[in-house]
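Undergrad: Starting off with a structure, shown below.
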Amino acid sequence: MTDVFACARCGAVLTAAVSRVALPVHAHQSYGHDLLPALMDPGAYAIDPEPSGPPWRRWSEVGPHEAEDRGVFAPVWALSFGAPGAVVLAPGDTRGTVPIPDRCGGGCCGLDGRDGPNLACARCGSPVATLIDDCSLWRAVWLAPDAVRQHSAAGPLRRPTDWSVCGRTPPVAPSGAWNPRWAAAVGAALAHLLAASAGTRVTVPDGLAADTFGRALDALLPPGPTAKRAALAGPGLPAPDPPADIVLV
């Protein structure tokens, strides 16, 4: 089964039939100064379990202790105290929405969502979603969790793309800079490696993994005679032998 999302106030359908996938690790990434493509593939949606959108509170107001309760351990410009559970999908999968003219603020080339929901239900006028299409931000529509309702819909479930036909994204773009998806994925993977280490030194395979993670792991984890071994796993790779303490997919 697939899902559609409707206006919580009047019941008007606001999306095409979409299937749930994992939230991309680069969902909230800001990268470079160019126009980035759509965050989500057509026919797919994801749910952000964390608070998002306004109201925002600056770090000086929040402080480190309250931030740590939210799982944030390094200073950031501001923290969102909006509702958790925002639904993100490709702009082309929205239906029955109209812009809210006085909420269409942006930074440079488009809308950045700074004023909160900027799309309204075309039937009743309720603010229901935020369109993001400014430079350095991934193009997406974020449905406000308290403004929409999810319903099951008849239709084929969107199947994950088979590994054999997935295109490989090179780590470095033709410009010589990190590919933005890789930049986000590497940061997320490093955080997972540190958490899985439980404070013990971690070794990674020679090559790209060592070049990418080795220096950071050596700097952030204490030295010692014992270490957990991380190995690469995924399509086309043999199972680690001997078994590894941590697998990096």
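The values are calculated or read from the model by the stated rules, or taken from the named source; none is laboratory data. Since we're looking at a predicted model, the values are computed, not measured. Backbone-built Cβ (ideal geometry, glycine too); neighbour counts: all protein chains shown. Note: accessible area is taken over every heavy atom of the protein model, side chains too, but ligands, DNA and RNA are not part of it. Shrake-Rupley method; radii C 1.70, N 1.55, O 1.52, S 1.80 Å.
Undergrad: Among Pro75, Pro84, which is more than 20 Å from Pro180 (Cβ to Cβ), open to solvent by 60 Å² or more (accessible area, probe 1.4 Å) and in contact with a Phe, Trp or Tyr (Cβ under 9 Å, 6 or more places away or on another chain)?
TA: Just a single option satisfies the conditions, and that option is Pro75.
Undergrad: Taking Ala67 as meeting all but one of (1) without any contact (Cβ under 8 Å) to a residue 40 or more places away in the chain; (2) out of contact with any helix residue (DSSP H, G or I) (no Cβ under 8 Å at 6 or more places or on another chain), write down the number of the exception.
TA: Tallying (1) without any contact (Cβ under 8 Å) to a residue 40 or more places away in the chain; (2) out of contact with any helix residue (DSSP H, G or I) (no Cβ under 8 Å at 6 or more places or on another chain), Ala67 fails exactly one: (2).
Undergrad: Considering only the range 189-204, how many residues are open to solvent by less than 40 Å² (accessible area, probe 1.4 Å), under 13 Å from Arg229 (Cα atoms) and not β-branched (Val, Ile, Thr)?
TA: Going through the range 189-204 one residue at a time, the tally reaches 2.
Undergrad: Filter the range 107-150 down to the residues that are more than 17 Å from the chain's Cα centre (by Cα), among the acidic types (Asp, Glu) and more than 17 Å from Gly11 (Cβ to Cβ) and list them by number.
TA: Answer for the range 107-150, where residues must be more than 17 Å from the chain's Cα centre (by Cα), among the acidic types (Asp, Glu) and more than 17 Å from Gly11 (Cβ to Cβ): just Asp115.
Undergrad: Would you mention how many residues in the range 205-245 are within 26 Å of the chain's Cα centre (by Cα), part of a loop (DSSP other than H, G, I, E, B) and either crowded, with 16+ Cβ neighbours inside 10 Å or of a type outside the set (Gly, Ala, Ser) (or both)?
TA: 1
Yes/no matrix, rows are residues, columns are (1) open to solvent by 60 Å² or more (accessible area, probe 1.4 Å); (2) at positive phi; (3) in contact with a strand residue (DSSP E or B) (Cβ under 9 Å, 6 or more places away or on another chain); (4) charged (D, E, K, R):
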| position | (1), (2), (3), (4) |
| --- | --- |
| Cys10 | no, no, yes, no |
| Leu35 | yes, no, yes, no |
| Glu68 | yes, no, no, yes |
| Leu79 | no, no, yes, no |
| Thr97 | no, no, yes, no |
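Undergrad: Being touching a residue at least 60 places away in the same chain (Cβ under 8 Å) and within 20 Å of the chain's Cα centre (by Cα) is the filter here; which residues of the range 168-186 pass it?
TA: Pro180, Arg181, Ala183, Ala184, Ala185
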